[in-house]
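Peer 1: One structure, pasted below without further comment.
The values are calculated or read from the model by the stated rules, or taken from the named source; none is laboratory data. Because the structure is a prediction, the values reported are computed rather than measured. Neighbour counts run over all protein chains shown; Cβ positions are idealised from the backbone, glycine included. Keep in mind that these areas ignore ligands, DNA and RNA; they rest on the heavy atoms of the full protein, side chains included. Shrake-Rupley method; radii C 1.70, N 1.55, O 1.52, S 1.80 Å.
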Amino acid sequence: DEHSRWVSFSIAKSVVSMLIGAAVRDGYIESVDEPITRYLPRLAGGGYDGISIKHVLQMASGTEWNEDYADPESDVNSRLRQGGVLGLLTYMQALDAAAPAGERFNYNTGETNLAGALLRAAIGNNLATYLEATIWQPFGMESDATWQLHEPAGGELGGCCISATLRDYARIGLFAMRGGTLPDGTNVLADDWMTESTTPSQGSEGYGYLWWLRGGGNYAGIGIFGQLLWVDP
């Protein structure tokens, strides 16, 4: 019912995109053109050398990754067996480059978990706390929400698993449609962030900064099993 919190799975990716936009506006991140290794030095020496935050937001790092949930040996399943944020960084650092950065879209939840990790490193805080302070309370969300962690007392999953009420998911969509502006006119996100986020990337006409692009100005956050946050400006 209207009071039930329900998991959104990969819609969390689109929320992380907006939080990175807030971190750029707040000065925690200078530019999406910065290398991800500036914030996550444990990735140095692997396939993420020279990969920018922008490449990660567009799922176009060029690293090898298999997102087949039905294959127990795929990267998305093998990565889960590593456990925790340190396991994430260790696993992702070992990935090989398979294509030039920016040129090939490859859906990669591990990469969006890196986006969450770099955001925590940049802001020096938890994602849930930052979401609460920048968007959740200022925009007037009605109910509490939860965000799944990598492990007990670990960081939030950047690629998954915010649980909120249906009405608050709608408010997330309204916040995005307003360009990240609060009811009092305050801009939360970097200038033109939602325009950039919903511009087709080099690697895919149908993907921006962790948003799916659906033509006619429409865009969406999409989760496995049918979760859908559709924005029609």
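Peer 1: Given the protein chains as shown and a 1.4 Å probe, how many square angstrom of Asp144 are accessible, to the nearest 10?
Peer 2: We get 120 Å² for Asp144.
Peer 1: With each label point set 7 Å from Cα along the Cα-Cβ vector, what nm distance links Thr186 and Tyr107?
Peer 2: Simple spin-label model gives 3.6 nm for this pair.
Peer 1: Roughly how far apart, in whole Å, are the Cα centres of the range 127-145 and the range 42-82?
Peer 2: 29
Peer 1: Then there is this: As an exercise, identify the GluC sites (Glu not before Pro) in the range 133-233 lying in DSSP coil whose Cβ has no more than 16 other Cβ atoms within 10 Å.
Peer 2: Filter output for the range 133-233: Glu142, Glu205.
Peer 1: Summing -39500 (n - 2.57) over the DSSP H runs of n ≥ 4 in the chain and dividing by its residue number, what mean residue ellipticity at 222 nm do you reach, to the nearest 500 deg cm²/dmol?
Peer 2: About -9000 deg cm²/dmol.
Peer 1: What size of dipole, in debye to the nearest 20, comes out for the chain about its Cα centre when the only charges are +1 on Lys and Arg C-beta atoms and -1 on Asp and Glu C-beta atoms?
Peer 2: Computed about the Cα centre, the dipole is about 180 debye.
Peer 1: Any chance you could look up the accessible area of Leu228 with a 1.4 Å probe, heavy atoms only, rounded to 10 Å²?
Peer 2: 100
Peer 1: Also: Please give, to one decimal in nm, the separation of the simple spin-label points placed at Thr90 and Gln148, each 7 Å out from Cα toward the Cβ.
Peer 2: Computed distance between label sites Thr90 and Gln148 equals 2.2 nm.
Peer 1: Using only the Cα atoms of the chain, build the gyration tensor, take square roots of its eigenvalues as a ≥ b ≥ c, and label the shape rounded, prolate or oblate: rounded if a/c is under 1.5, else prolate if a/b is larger than b/c, else oblate.
Peer 2: Note, shape of the chain comes out rounded.
Peer 1: To continue, here is another question. Most fluctuating residue of Ala22, Ala220, Ala70 in a GNM of the chain with Cα springs under 10 Å: which is it?
Peer 2: Ala70
Peer 1: Please work out the FRET efficiency for the pair Ala133 and Asp33, using the Cβ-Cβ distance as r and a Förster radius of 22 Å; give the result to the nearest 0.05.
Peer 2: Computed FRET efficiency for Ala133 and Asp33 comes out at 0.25.
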